[in-house]
1. For a label point 7 Å from the Cα of residue 5 along Cα→C-beta, name the residues of the stretch 53-76 whose backbone N is under 15 Å from it.
2. Could you derive backbone 3J(HN,Hα) for the stretch 163-174 from the dihedral phi with the Karplus parameters 6.51, -1.76 and 1.60 (θ = phi - 60°), listing whole Hz in sequence and x where the residue is Gly or Pro?
3. Order the following by accessible area, largest value first: 29, 34, 139. Probe radius 1.4 Å; ligands, DNA and RNA are ignored.
4. Please turn the phi angles of the stretch 141-153 into ³J(HN,Hα) values with the Karplus equation 6.51 cos²θ - 1.76 cosθ + 1.60 (θ = phi - 60°), one per residue in order, whole Hz, x for glycine and proline.
5. Counting only protein heavy atoms, what percent of the accessible surface of the stretch 174-244 is carbon or sulfur at a 1.4 Å probe?
6. Provide 200, 245 ordered by accessible surface of protein heavy atoms (probe 1.4 Å), highest first.
7. Could you pull the accessible area for residue 171 with a 1.4 Å probe, rounded to 10 Å²?
8. Taking the simple approach of a point 7 Å from Cα along Cα-to-Cβ for both residue 92 and residue 117, what is their distance in nm?
Amino acid sequence: MTAAEDRDRAVATLRRIAFLLERAQASSYRPAAYRAAARAVEQQDPDRLHALAAGGSLTDLPHVGAKTADAVARALAGRPVPALDALEEEAAAATAPDDAASALLAALRGDLHAHTDASDGATPMQEMVLAALELGHDYLAITDHSPRLTVANGLSAARLRAQTAQVAALRRAVAPFDVLTGIECDVLDDGSLDQDPDLLDELDVVVASVHSKLRMDRASMTRRMVAAVRNPRTDVLGHCTGRRLTGRERPPSEFDAEAVFAACAEHGVAVEINSRPDRLDPPHALLDVAVAAGCEFTIDSDAHAPGQLAWLRAGCERAVAHGIGPDRVVTTRTAEEVRARGRRAPVRP
């Protein structure tokens, strides 16, 4: 094996450790440290990297500390990396045997809700796409936040247009894997969408989510959400209650679920089953209402880091608990079917 191949193995090892840490919900600083080290190692001349390892000087590299240096040295030498082995064993132990959720997970082709460092994600788009490829997905929608959500560095129209050009270039590079243009668009107080309507028309996927004034009274929140669902540019209703289950906990917002989900069914808007462990939205009671209303669903990760793309199993478990099969899950369909669905009647103006 060449020195360059050794370096590539070391980089892959660091990124795999970061991925597994993210998947296991580790504190964000830990995977970030491994990803920063991976970028530093990737930039090194392979022979210099071997010389640093031989001299015990890998920590001279920027962003490389004692733990990451140990992983790099072991990977360069082709030796086992205990930190990686332990995480792999933990991940394997957490994987349940084949069941209905496993079957639904295997049927999923993609993910329609993922963030990059363009807004509040942890990594560039390329790293998110590579992780989706490794998971066996056929496509990934890039859905960074819209401009009103300044706390998440939401994208202005100009920044979003630049990102769509970046998506197009990346799509060509990773074909036949598909990268979909998209946005998680904030639902404003009156139910309108927080982005240039003409620009929304150009996107493959628009996820409409409420992020502000979550304690709005029930009647007002219902009107707000129904207006967003009736907008012909909305494809997916994201994390509908806005609740948070861990960390800074937040109760679900209150709205007439029968009215909102009836509107989703009428207008062909999919209800997102959000797989984030801190969201798991909608709650079980509301999933029953959405099923009864005849809604379709997406099972999404709402990933903000590559390893979080592996969280879809939780969404599958919630779906099968309510009798939701692959035929009602949009993300079991091809990328072209997803695009065609986004251009459903009435035709977007």
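The values are calculated or read from the model by the stated rules, or taken from the named source; none is laboratory data. What you see is a predicted model; the values in this text were computed from it and never measured. Cβ: placed from backbone, ideal geometry, glycine included. Neighbour counts: every protein chain shown. Side chains included, ligands, DNA and RNA excluded: accessible areas come from the protein's heavy atoms. Shrake-Rupley method; radii C 1.70, N 1.55, O 1.52, S 1.80 Å.
1. Under 15 Å, as judged by backbone N against the label point of residue 5, lie 76 of the stretch 53-76.
2. Working through the residues one at a time gives 5, 5, 5, 5, 4, 4, 5, 5, 4, 5, 6, 10 Hz.
3. Working: 29 160, 34 30, 139 0 Å².
Output order, biggest surface exposure first: 29, 34, 139.
4. Result, ordered by residue: 8, 8, 10, 6, 6, 8, x, 4, 7, 5, 5, 9, 6 Hz.
5. Values: 1150 of 2300 Å².
Using a 1.4 Å probe with all protein chains present, the stretch 174-244 comes out at 50 percent carbon and sulfur.
6. Details: 200 0, 245 65 Å².
Correct descending sequence by accessible area is 245, 200.
7. Its heavy atoms expose roughly 70 Å² to the probe.
8. Calculated label separation equals 3.2 nm.
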